[in-house]
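Notes follow the structure.
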Ligand SMILES: [Zn+2]
């Protein structure tokens, strides 16, 4: 998710340590009542194939859903479901209300079930672009649990999906910007599309062969030194691939400089930034947040805290800075623990809290925790632990405690005490 620009000191002789980061809070909080229902939904969505027609504001989807039971539930808040068919072409669904959600319930058999669903969706411009497609902004936003403003889904971050996307009915001359095919499990909010009058910039490939591109809206000034910035982004992506592990969401990625609005959003393989300084952070979500998903919103630090740290770490590593963060943590500008208040982590519950409950603290506190851990354990050594965790958990959901346990087995640092100091 978005951050304000990182203030980096890499080139300044007087500047000896890490950057700071902060966050703008999105406008529309999610209520706990909504969050409570996520885990109650039946079925595990394996994949969705979605065909959107913007000229009709309609969509056709093919769903593969795994269940142990006889019913599958999909969230359809904000959608008008016009047709559902099972594998034999027979209609098979009812729409009911569960708590505050509208739920599409499909009859199913134990095992993998295939369905087609046709639905209509609406322009969400007037709702502040917190849910679904905005026709004026010309892009979608589903984070954290707004996927059902665009397609029938499970907003539970634990339920990953593979997806394919096709968007037609765009305005004349508009460029469609989205990942066509994602063959690794991703959270429901990663699915996105943008379109409009854009100029594409080709930044070449990483050593692993991943193509890096940037897209700038023609109605907006190209950011200063954008070509050089994209080369930095390519180097950062390359470092993440080499150091943390192979990227799982395809071999073509891009950063869209959106015309206005939120700071950034991790829509891999084509993410959004308002300020290009957020590119390293949004790219990092390819590994944490998306590559490794969070199991519960209470674990947001595993997404935002680790990603914020990686965005700081990758810039320092490329500048040859590998000596720890003690000066930065001791400085007036450095992140500071807030014991007893402003929690950045809620280990005792799952899906009771919303993603917004820790959003004010999770970047600073989470990256502060990671920086002190890196200082105590060693930055390069911690890279190896993070990589090992990523390789074992990519494509799955994890709790932050899983990460702590993993580190504890590989480090003499009292990582649970350090987490309590920074995050609780
Ligand atoms: Zn983020």
3 or more residues closer than 27 Å to residue 394 by Cβ: qualifying strands (runs of 3 or more DSSP E) within segment 131-170: 139-141, 161-168
Residue check, residue 299 in contact (Cβ under 8 Å) with a residue 40 or more places away in the chain, within 16 Å of the ligand (Cβ to nearest atom), surrounded by fewer than 22 Cβ atoms within 10 Å (Cβ to Cβ) and closer than 29 Å to residue 379 by Cβ: no
Residue match in segment 235-243 (condition: in contact with a strand residue (DSSP E or B) (Cβ under 7 Å, 6 or more places away or on another chain) and over 24 Å from residue 142 (Cα atoms)): yes
Single match in 304, 282 (criterion: in contact with a strand residue (DSSP E or B) (Cβ under 8 Å, 6 or more places away or on another chain), within 16 Å of the ligand (Cβ to nearest atom) and part of a helix (DSSP H, G or I)): 282
Spans of helices (runs of 4 or more DSSP H) in segment 323-424 with at least 2 residues touching a strand residue (DSSP E or B) at 6+ places or on another chain (Cβ under 8 Å): 379-393
Given (1) in contact with a strand residue (DSSP E or B) (Cβ under 8 Å, 6 or more places away or on another chain); (2) away from the ligand (no atom under 13 Å from the Cβ), number of the condition residue 264 does not satisfy: (2)
Condition check for residue 353: under 21 Å from residue 385 (Cβ atoms) and away from the ligand (no atom under 13 Å from the Cβ): no
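Can you pull out the residues in segment 211-232 that are crowded, with 22+ Cβ neighbours inside 10 Å and not in a strand (DSSP E or B)?
Of segment 211-232, the ones crowded, with 22+ Cβ neighbours inside 10 Å are 212, 214, 230.
Once the filter is applied, which keeps residues that are crowded, with 22+ Cβ neighbours inside 10 Å and not in a strand (DSSP E or B), segment 211-232 yields only 230.
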Which listed residue is surrounded by 14 or more Cβ atoms within 10 Å (Cβ to Cβ) and modelled with pLDDT of 85 or more, from 81, 95: 81
Verdict on residue 347 being touching a residue at least 40 places away in the same chain (Cβ under 8 Å) and surrounded by 24 or more Cβ atoms within 10 Å (Cβ to Cβ): no
Residue check for residue 247: in contact (Cβ under 8 Å) with a residue 24 or more places away in the chain and surrounded by 24 or more Cβ atoms within 10 Å (Cβ to Cβ): no
Members of segment 307-327 found to be crowded, with 24+ Cβ neighbours inside 10 Å and either on the phi > 0 side of the Ramachandran plot or within 12 Å of the ligand (Cβ to nearest atom) (or both), listed by number: 307, 308, 309, 310, 311
Residue within segment 263-271 that is more than 21 Å from residue 144 (Cβ to Cβ), surrounded by fewer than 24 Cβ atoms within 10 Å (Cβ to Cβ) and in contact with a helix residue (DSSP H, G or I) (Cβ under 8 Å, 6 or more places away or on another chain) present: no
Some residue of segment 251-259 being within 26 Å of residue 388 (Cα to Cα), surrounded by fewer than 18 Cβ atoms within 10 Å (Cβ to Cβ) and in contact with a strand residue (DSSP E or B) (Cβ under 8 Å, 6 or more places away or on another chain): yes
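Table: residues versus (1) more than 15 Å from the ligand (Cβ to nearest atom); (2) at pLDDT 95 or above; (3) closer than 22 Å to residue 394 by Cβ.
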position: 225; (1), (2), (3): yes, yes, no
position: 241; (1), (2), (3): yes, yes, yes
position: 249; (1), (2), (3): yes, yes, yes
position: 257; (1), (2), (3): yes, no, no
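Specify which of the listed residues (408, 419) is crowded, with 21+ Cβ neighbours inside 10 Å and at pLDDT 95 or above. Reasoning before the result, please.
Numbers: 408 fails: crowded, with 21+ Cβ neighbours inside 10 Å.
Answer to the selection: 419.
The values are calculated or read from the model by the stated rules, or taken from the named source; none is laboratory data. Treat the numbers as computed from the prediction; the structure is a model and nothing was measured. Using ideal geometry, Cβ is built from the backbone for each residue, glycine included, and neighbour counts are taken over all protein chains shown.
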